[in-house]
C-alpha cells in the first residue's frame, strides 16, 4: 500500500463560532479527509470571542508567536507534502498570515490557500499590499467558495490556479417535513448572526418599522451574540421605534435551542453588506425557509432570486420591507420557495458533497 501523503492544515477552529471556524472544524472531523491523508492541524485563530475579532492586543501577538513556532515545529518534525492555509485576504490578519507564507516559502513547502473572506481588490491599491499580494499568490493555488468571488483575486491569481469548493453543512434536520402556518398566528421572521452592522441588523430593524406602519402581523426573532452592536443599543432602538412587542432578541443559541427557533420560523432574513458564503443561509435552506438576502459575495450561488427567495440591494430597508411584505402575504409562495431551497441544499451543499469536493482538490494539488 502506498504511503499516505501528509498535509499540514493551518486553519480556523472555534471559538469564536463563524463560517470559517465551522468549516475548519468540519475538515478536522472529516473521516474522508483524515483516512485519505496523514493530517496535522494548527489553529490559526488569534481571537477567542467575537468581540476580540479585528482588535489588536498583546495576547493576540503572543498567540501568533505560539502558532508560528507550532508551524515551524510541524515542518521540522515531518516536512509536509502540502500545507493547507486558511488565508485571511485583508486587514492585520493578512500581514500575520504573510509571515506564515514566508515560513512555507523558506522551507519550500507546497501550499494551497482556502479563502473564506474577501478584500484583495479593495486593498490592492496600496503599493505595499500590491507587492505582498503578488508574492503571496505566486507559486500557490487557491480555493474559492464561489465563482462570484474570483473577481476579488483575479489581478493576482490565474484562473487555471483556482479551484471552487462551496461550503457544506451537516443535515441536522432529520425529517424535512412540509411547513405550515396558521392564518391567525403572526408570520415569524428569523435573523441568525452576531449583532453586527455589516450583517444588516439595523437594515432589518428599519424594514420592520416600515412593516409596522403598514400594520402587518409579524414577529422577528434575532439570535446571536453581541458584536459591534450591544444588546443595550439594540433594545434602545426597539424602544425608540416602538418595536418592543414585535421583535425579540433571544441571545446566542446552539444545537436544539437554535433548531427550535428554525422550526418555528416562516422567513429567514440575512441583509448582509459584507459576506462571502454565509453558512446560515445553508441552514435556512436545510430547514425549508424562504430567504431574503443580498447579492453580496457568493450569495447569488446560494439563493436563486424568485425561486428559493429574494435578493435585494445592500443597505436598502425599503426594498427589504417590500419583499418581506410579499412573503408575509403569500404563505403558498413561502412554502414553494422553502421546498425549492431544501432541494438545492440536498443537491449542492451537504457536508458529504463539500468533503468530496475538497478531497478531490487536495488529491489533485498534492499529486
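The values are calculated or read from the model by the stated rules, or taken from the named source; none is laboratory data. Values in this document were obtained by computation on a predicted structure and should not be read as measured data. Here the Cβ positions follow ideal geometry from the backbone for every residue, glycine too, while neighbour counts run over all protein chains shown.
If you go through the range 75-87 one residue at a time, do you hit one that is within 27 Å of residue 167 (Cβ to Cβ) and part of a helix (DSSP H, G or I)? Even if it seems obvious, please write down each step before you answer.
Taking the range 75-87 first, the residues within 27 Å of residue 167 (Cβ to Cβ) are 80-87.
Next, from what is left, pick out any that are part of a helix (DSSP H, G or I): none.
No, that holds for no residue.
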Q: Consider residue 40 carefully, then state whether it is without any contact (Cβ under 8 Å) to a residue 60 or more places away in the chain, assigned to a strand (DSSP E or B) and surrounded by 13 or more Cβ atoms within 10 Å (Cβ to Cβ).
A: yes
Q: Just one of (1) part of a loop (DSSP other than H, G, I, E, B); (2) under 27 Å from residue 52 (Cβ atoms); (3) without any contact (Cβ under 8 Å) to a residue 12 or more places away in the chain trips up residue 229, so point out which.
A: (3)
Q: For the range 296-313, name all the residues that are in contact with a strand residue (DSSP E or B) (Cβ under 6 Å, 6 or more places away or on another chain) and either surrounded by fewer than 19 Cβ atoms within 10 Å (Cβ to Cβ) or assigned by TED's automatic domain parsing to the domain that holds residue 26 (or both).
A: 305
Q | From the options 296, 332, 325, residue that is within 22 Å of residue 217 (Cβ to Cβ) and either touching a residue at least 40 places away in the same chain (Cβ under 8 Å) or assigned to a loop (DSSP other than H, G, I, E, B) (or both) | A | 325
Q | Matching residues in the range 341-359 - criterion: being in contact with a strand residue (DSSP E or B) (Cβ under 9 Å, 6 or more places away or on another chain) and in a helix (DSSP H, G or I) | A | 341, 345, 351, 354, 357, 358
Q. Does the range 152-162 contain any residue that is farther than 29 Å from residue 350 by Cα and in the same structural domain as residue 48 (by TED's automatic domain parsing)?
A. yes
Q. Quick check: anything in the range 65-86 within 21 Å of residue 297 (Cα to Cα) and under 23 Å from the mean Cα position of the chain (by Cα)?
A. yes
Q. Name the residues in the range 314-365 that are more than 24 Å from the chain's Cα centre (by Cα) and surrounded by fewer than 17 Cβ atoms within 10 Å (Cβ to Cβ), would you?
A. 318, 322, 325, 326, 329, 330, 331, 332, 333, 336, 363, 364
